Amino acid sequence: MKWLVGDFTVTGTLDTGSVILVAVVVFGLSMDYELFLLSRIREEHLSGKSNVESVAVGLQRSARIITAAALLLAVVFAAFMTSGVTSIKMLGFGVSLAVILDATLVRALLVPALMRLFGERNWWAPEWMQRFTLKH
């Protein structure tokens with residue numbers, strides 16, 4: 001792998017700025033994927049499907065776009081590892097790894113499993129918040 005990304009200079013410490021930047025970027029990207037998935041599941045639920053069926057159909061219909069977006073972003077951020085600057089390499093590695101893990105483990109396994117466990121409680125909201133939800 002050294003021929004691809006070059007040398008990583010071992011500094012003995014972790015650059016806290018890079019760690020914070022990775023966390024912020026990954027949080028934003030993961031919320032984007034979560035919106036894709038949950039909006040599709042909600043559309044299915046509002047159309048009259050059961051919770052189990054809406055989760056299954058929503059995941060099936062949004063999986064392609066989430067996977068494609070995750071792969072595209074992982075490749076783009078992996079290209080950062082070719083930089084000569086160590087903090088940029090760390091950013092590229094961290095975001096690429098986190099995007100792949102988020103799209104595969106969290107979106108494909110964890111979210112559907114938790115939505116199945118919570119059942120109809122997925123769709124509960126306090127009275128004051130219900131006026132902000134859009135009904136299609």
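Comparing Leu35, Leu71, Leu59 in a Gaussian network model of the chain (Cα springs below 10 Å), the most mobile by mean-square fluctuation is Leu35. Extension gain, Leu46 to Thr86: 0.36 nm times the residue separation minus the Cα-Cα distance gives 9.6 nm.
With each label modelled as a point 7 angstrom along the Cα→C-beta vector, the Asp15-Trp124 pair spans 4.6 nm.
Once the mean of 1/r is taken over each pair of separate Cα atoms and inverted, the chain shows a Kirkwood hydrodynamic radius of 17.0 Å. Between 0 and 90 degrees, the angle of helix 86-101 with respect to the longest Cα principal axis of the chain falls at about 30 degrees. Across the range 27-117, the relative contact order, built from alpha-carbon pairs under 8 Å that are at least six residues apart, equals 31 percent. The label point for Glu34 and the one for Leu105, both projected 7 Å from the Cα toward the Cβ, are 1.6 nm apart. Helix-derived [θ] at 222 nm for the chain: sum -39500 (n - 2.57) over DSSP H runs of at least 4, divide by residue count, nearest 500? Taken over the chain, the calculation gives -22000 deg cm²/dmol.
As I understand it, the value is the acute angle between the Cα axis of helix 16-46 and the longest principal axis of the Cα atoms of the chain; what does it come to in degrees, rounded to 10? Result, in degrees: 20.
Only the coordinates and a few stated rules stand behind these numbers; no lab work does. Owing to the predicted nature of the structure, the values given are computational and were not obtained by experimental measurement. Because the Cβ atoms are built from the backbone with ideal geometry, glycine has one as well, and the counts that use them run over all protein chains shown.
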